[in-house]
Amino acid sequence: MSGDHPLSAGRASPLADDPTANGPAAAPLLDVRDLTVAFGGKPVVQSVSFSLQPGEKFALVGESGSGKTVSALSLLKLLPQAQVSGSAAFQAREGGCDLLHLPEPRLREIRGRDVAVIFQEPMTALNPLFPVGDQIAEVVELHQLTSRRQAWERAVQLLADTGLPDPAAKARAYPHQLSGGQRQRAMIAMALACQPRLLIADEPTTALDVTLRQQILGLLDELQQRHGMALLLITHDLPLVQRFADRVAVMERGVLVEQGPVAQVFASPQHAYTRKLLDSRPVRDVAEAAAGAQPLVRAHGLQVAYPVSRPGVRGWFGKGEFIAVKGADFTVAPGRTLAVIGESGSGKSTLALATLGLQPSRGQLDVLGTRWRGSPRADRPLRQRIQVVFQDPFSSLSPRMTVGEIVGEGLQVHAPALSAAQRAEKVRAVLAEVGLAEVQFPRLLDRYPHEFSGGQRQRLALARALIVEPDVLVLDEPTSALDVTIQKQVLALLQGLQRKRGLSYLLITHDVEVVAAMAHDVIVMKDGAIVESGPVAQVIGRPQQPYTRKLLEAAPPGVAGLLVTAGT
């Protein structure tokens, strides 16, 4: 890309007005100029300018806090406390208007009808008290002035258009009764209820498995072409942008630093921040542990079952059984990482809970040469040697406890003889080991989790697990909630800790790229059963099962290259 293409400090690239760079530019559907957003007088978005053509897919990318979501939501005045200036010329059905200067009643007509939003987390965006069909029908009724019956029929048809099986039954379901992918499809159906001219999709696939991501992206692509709408995609997922969008704009700390056609920006990024994002793919840097060592975790015929209600009269006489893990065989060797990969509902998290002794199981399960007894007192020595790091550090760290209390809590249980000063010394040492030192963070031990970023909170969660000096760490999706640059840092930290401490990891993930970067061995789970297992180079490089190949097809391109580059 030439030096004229990047957009810096709000100055538009020529490509912003003419995506094809051939002939006269068509009138843009949305033309945003000098958008500035402030909270309490402090700007968080500064002089941002971009435009969308009718039918175009435009991606706004950047890390958390870059201002991309604030920029998009401020166009519809969905941030009540924000002070917004600039202009946003939009071609609505009734003619052109400036979204930022419309009176509220007029803007309310445009929301949902001309401009619709797919929010990042459908579970919080959908009302838990109403069936999804009622929520979709309400939008149709409000904007198209139809009867209740017509609106309901339209809602069922919209759910069918998104590929949901048995849409009439799904329309009567409440949000909690649907899977993550089904809820996201319901959100898409609601957004498309009035055939909007512009669809804003805010991280529409972040919480989904790789195969579900592919399905949702394919669905959005199909619906976008069918209805001819423009799509503004808000994301930090660069492989998604490369596969899906026509043009891309990159935001850093509230400033739009570069934009242009996707192929051009990815092939020749001009701004240092863009290059940093593109260079943030995980790197494989794991040490090969000595072969033949006795496994720290050994499972044979492991089975986990949940009681479920049986339908009809049979339910009067007892409960049925749902088998979540079916006869799993696996081992975790010293200093090695076993990755467990599969879609949501495959049983991988249940397998992890059983390994941790948090879920009753049948079959053989030996952890460090012993078995869980189901007694807190009897299991206490074993709990010191196997710890867990959860997916979302914000929800797994108590907001009412300080860093010193959170990280040091394990010492109070497993090393009660230590004095308060000795505990504090150990807490500081392990925090420094995970990259959080008091030099960078004054009063570190007295701070609370909300004072840290997502990546820093995950480091706190790691420190809490490491302080009792475990032999095995169960990592449950440890990077799925993080931006690409932070994900790379956390993975590098985990690799370094494994080499330094000789740790064994049981890694639960749906991210094939993380598996290629971290794992020595892999098991692939589907519907509670292990369908393929073996060394990472074999499973990722030469998959035997159709399901494994399906997972790999949905992964970013070049995943196998991580293994080749590392000589695995």
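Within the bounds of region 486-509, is there any residue that is out of contact with any strand residue (DSSP E or B) (no Cβ under 6 Å at 6 or more places or on another chain), among the aliphatic types (A, V, I, L, M), open to solvent by 30 Å² or more (accessible area, probe 1.4 Å) and closer than 25 Å to residue 213 by Cα?
yes
Let me confirm something: among 196, 204, which residue is touching a strand residue (DSSP E or B) at 6+ places or on another chain (Cβ under 6 Å), over 21 Å from residue 486 (Cβ atoms) and assigned to a loop (DSSP other than H, G, I, E, B)?
196
Taking the options 412, 364, name whichever one is open to solvent by 10 Å² or more (accessible area, probe 1.4 Å) and assigned to a strand (DSSP E or B).
Result of the check over 412, 364: 364.
Applying the selection to region 39-68, what residues are open to solvent by less than 20 Å² (accessible area, probe 1.4 Å) and part of a strand (DSSP E or B)?
45, 48, 49, 50, 51, 52, 58, 59, 60, 61
Hey, among the residues in region 393-409 that are of a type in the set (D, E, K, R) and either in contact with a Pro (Cβ under 8 Å, 6 or more places away or on another chain) or surrounded by fewer than 17 Cβ atoms within 10 Å (Cβ to Cβ) (or both), which one's modelled with the lowest pLDDT?
400
Among the residues of region 524-552 satisfying the criterion of being in a helix (DSSP H, G or I) and open to solvent by less than 10 Å² (accessible area, probe 1.4 Å), which is farthest from residue 322 (Cα to Cα)?
536
Considering only region 83-109, how many residues are out of contact with any Phe, Trp or Tyr (no Cβ under 6 Å at 6 or more places or on another chain) and either among the small types (Gly, Ala, Ser) or surrounded by 22 or more Cβ atoms within 10 Å (Cβ to Cβ) (or both)?
So the answer is 9.
Does residue 71 satisfy the condition of being of a type in the set (Ser, Thr, Tyr) and either open to solvent by 50 Å² or more (accessible area, probe 1.4 Å) or modelled with pLDDT of 95 or more (or both)?
It is false that residue 71 is of a type in the set (Ser, Thr, Tyr) and either open to solvent by 50 Å² or more (accessible area, probe 1.4 Å) or modelled with pLDDT of 95 or more (or both).
Looking at residue 74 and the list (1) within 26 Å of the chain's Cα centre (by Cα); (2) touching a residue at least 40 places away in the same chain (Cβ under 8 Å), which single condition is not satisfied?
Of (1) within 26 Å of the chain's Cα centre (by Cα); (2) touching a residue at least 40 places away in the same chain (Cβ under 8 Å), only one is false for residue 74: (2).
From the set of residues in region 367-387 that are under 26 Å from residue 490 (Cα atoms) and out of contact with any Ser or Thr (no Cβ under 9 Å at 6 or more places or on another chain), which is most open to solvent (accessible area, probe 1.4 Å)?
Only one residue fits best here, namely 385.
Restrict the check to region 275-292 and report whether at least one residue is surrounded by fewer than 18 Cβ atoms within 10 Å (Cβ to Cβ), closer than 30 Å to residue 250 by Cβ and either at pLDDT 95 or above or β-branched (Val, Ile, Thr) (or both).
There is at least one residue in region 275-292 that is surrounded by fewer than 18 Cβ atoms within 10 Å (Cβ to Cβ), closer than 30 Å to residue 250 by Cβ and either at pLDDT 95 or above or β-branched (Val, Ile, Thr) (or both).
Report, by residue number, each residue of region 351-361 that is open to solvent by 40 Å² or more (accessible area, probe 1.4 Å) and among the polar types (S, T, N, Q).
361
Inspect region 119-131 for any residue being over 30 Å from residue 455 (Cα atoms), open to solvent by less than 20 Å² (accessible area, probe 1.4 Å), modelled with pLDDT of 90 or more and among the aliphatic types (A, V, I, L, M) and give the result as yes or no.
Among the residues of region 119-131, not one is over 30 Å from residue 455 (Cα atoms), open to solvent by less than 20 Å² (accessible area, probe 1.4 Å), modelled with pLDDT of 90 or more and among the aliphatic types (A, V, I, L, M), which makes the answer no.
Could you tell me whether residue 322 is in a strand (DSSP E or B), of a type in the set (A, V, I, L, M, F, W, C) and open to solvent by less than 20 Å² (accessible area, probe 1.4 Å)?
no
For the structure I just gave you, tell me whether residue 387 is at pLDDT 95 or above, under 28 Å from the mean Cα position of the chain (by Cα) and under 27 Å from residue 498 (Cα atoms).
yes
For region 428-454, give me each residue that is closer than 16 Å to residue 497 by Cα and either open to solvent by 70 Å² or more (accessible area, probe 1.4 Å) or in contact (Cβ under 8 Å) with a residue 12 or more places away in the chain (or both).
430, 431, 433, 434, 435, 436
Here are some residues: 87, 49. Which one is farther than 27 Å from residue 221 by Cα, in contact with a helix residue (DSSP H, G or I) (Cβ under 9 Å, 6 or more places away or on another chain) and of a type outside the set (A, V, I, L, M)?
The unique qualifying residue is 87.
Of the conditions (1) under 20 Å from residue 234 (Cβ atoms); (2) in a loop (DSSP other than H, G, I, E, B); (3) touching a residue at least 60 places away in the same chain (Cβ under 8 Å), residue 116 satisfies every one except a single condition; which number is it?
The failed condition is (2).
What pairs come up if the first residue lies in region 211-234 and is free of Cβ contacts under 8 Å to residues at least 40 places away in the same chain and open to solvent by less than 10 Å² (accessible area, probe 1.4 Å), the second is outside any helix (DSSP H, G or I) and not acidic (Asp, Glu), and their beta carbons are under 6 Å apart, counting only those six or more places apart or on different chains?
216/205
The values are calculated or read from the model by the stated rules, or taken from the named source; none is laboratory data. Computed from a predicted structure; not experimentally measured. Here Cβ is always computed from backbone atoms with ideal geometry, including for glycine, and neighbour counts include all displayed protein chains. Note: accessible area is taken over every heavy atom of the protein model, side chains too, but ligands, DNA and RNA are not part of it. Shrake-Rupley method; radii C 1.70, N 1.55, O 1.52, S 1.80 Å.
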